[in-house]
Amino acid sequence: MIRKIFITFACVSCFYFYVRYLEKSILYYPIRQLEFSPSDIGLHYEDVFFTAGDNTKLHGWFVPAIDPKATVIFVHGNGGNISHRLDKIRVFNGLKVNLFIFDYRGYGKSEGVPGEQGLYMDTQAAYDYIKQKDPNGKLIIYGESLGGALAIDLAGKADIDGLILEGTFTSVADMAKIIYPWLPAVLLKTKFDSISKIPHVKAPKLHLHGEFDDIVPFSMGRRLFEAAKEPKKFVLMEGMHNDGFFVSAVKMRKELKEFFASL
């Protein structure tokens with residue numbers, strides 16, 4: 001009897017730690033080495049180090065524009081680091097907005113280890129840095145994929161002028177049903193429950209999602225959009241999850257320009 005209890009306990013423990021491993025492995029793909037910088041594409045920038053609420057030291061770039069209309073905080077996806085977003089940095093700079101892009105804990109030059117609550121703190125710290133730098137300027141949050149979950153969380157609590165989401169999922173539980181349909185959602189520690197948070201965002205919203213997104217289903221992007229309150233707009237991108245923005249580059253510039261102007 002004791003042996004059976006021990007074996008059962010061991011199996012349950014192994015399964016629990018396996019689930020924790022799966023969560024981390026599908027959510028975070030950090031790269032430490034910065035491979036490029038904005039100067040490689042001819043842009044001036046400021047190297048910024050700032051601190052999250054738990055004293056974790058974070059790193060980012062502030063890329064100023066000439067005669068800026070607003071400042072965009074770029075909350076990137078779960079893979080790589082800020083040095084892998086130069087093409088998008090160039091697009092935003094061309095639209096005459098300042099851009100602040102930062103790395104979460106565990107990514108690039110930022111200290112620490114990634115986790116849901118820590119990433120929320122990191123995004124809040126980025127917001128606080130920009131509000132201190134330019135208290136009265138227009139502020140827009142741009143969330144890319146996983147970054148959309150962080151942007152939504154921030155936008156529901158902070159004073160912002162606009163929210164842009166690209167390829168954002170509804171929740172980790174919903175994504176797990178697609179990737180690991182056999183995994184009980186109740187066992188997941190990480191939530192990133194954007195579908196329950198998006199109704200609390202009052203700022204104007206621009207939703208960008210690819211019809212053929214191969215990672216975050218198009219239907220999930222539509223559900224998130226439908227749960228959001230007005231004012232909002234949904235824009236269909238061509239291409240897949242990681243190339244849709246660039247496959248639809250002309251359309252994206254047009255939609256972003258119009259969104260900035262509307263604010």
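The values are calculated or read from the model by the stated rules, or taken from the named source; none is laboratory data. Predicted model only: the values in this text are computed from it and were never measured. Counting neighbours? That spans all protein chains shown, and the Cβs are built from the backbone with ideal geometry, glycine included.
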Item to check | Residue among 91, 63, 113, 97 that is free of Cβ contacts under 8 Å to residues at least 12 places away in the same chain and β-branched (Val, Ile, Thr) | outcome: 113
Next on the checklist: With the structure loaded, tell me whether residue 135 is at pLDDT 95 or above, of a type outside the set (Lys, Arg) and not in a helix (DSSP H, G or I) or whether it fails that test.
Outcome noted: no
Checklist entry - Residues in segment 172-182: is at least one out of contact with any helix residue (DSSP H, G or I) (no Cβ under 9 Å at 6 or more places or on another chain), more than 22 Å from residue 239 (Cα to Cα) and either of a type in the set (Lys, Arg) or part of a loop (DSSP other than H, G, I, E, B) (or both)? => result yes
Next on the checklist: Considering only residues that are under 11 Å from the mean Cα position of the chain (by Cα) and either part of a strand (DSSP E or B) or among the hydrophobic types (A, V, I, L, M, F, W, C) (or both), which ones fall in segment 141-156?
Outcome noted: 141, 142, 143, 144, 146, 149, 150, 151, 152, 154
Item to check | Residue selected from segment 162-191 under the condition among the aromatic types (Phe, Trp, Tyr) and modelled with pLDDT under 95, by the criterion surrounded by the most Cβ atoms within 10 Å (Cβ to Cβ) | outcome: 180
Next on the checklist: Looking only at segment 84-126, count every residue that is crowded, with 20+ Cβ neighbours inside 10 Å, in a loop (DSSP other than H, G, I, E, B) and in contact with a Ser or Thr (Cβ under 9 Å, 6 or more places away or on another chain) and tell me the total.
Outcome noted: 5
Item to check | Matching residues, segment 189-230, being in a loop (DSSP other than H, G, I, E, B), of a type in the set (D, E, K, R), closer than 20 Å to residue 156 by Cβ and within 17 Å of the chain's Cα centre (by Cα) | outcome: 191, 193
Checklist outcome for this item: Restricting attention to segment 53-80, the residues that are assigned to a loop (DSSP other than H, G, I, E, B) and touching a strand residue (DSSP E or B) at 6+ places or on another chain (Cβ under 6 Å) number exactly 7
Next on the checklist: Anything in segment 103-127 that is of a type in the set (Asp, Glu) and touching a strand residue (DSSP E or B) at 6+ places or on another chain (Cβ under 8 Å)? List them, or say none.
Outcome noted: 103, 111, 122
Next on the checklist: Can you go through 212, 234, 246 and tell me which one is surrounded by 15 or more Cβ atoms within 10 Å (Cβ to Cβ) and not charged (D, E, K, R)?
Outcome noted: 234
Item to check | Check on residue 151, under 19 Å from residue 55 (Cβ atoms), at pLDDT 95 or above, aliphatic (A, V, I, L, M) and buried (at least 22 other Cβ atoms within 10 Å of the Cβ) | outcome: no
Checklist outcome for this item: residue 159 meets each of (1) in a strand (DSSP E or B); (2) out of contact with any Phe, Trp or Tyr (no Cβ under 7 Å at 6 or more places or on another chain); (3) surrounded by fewer than 18 Cβ atoms within 10 Å (Cβ to Cβ) with one exception, condition (1)
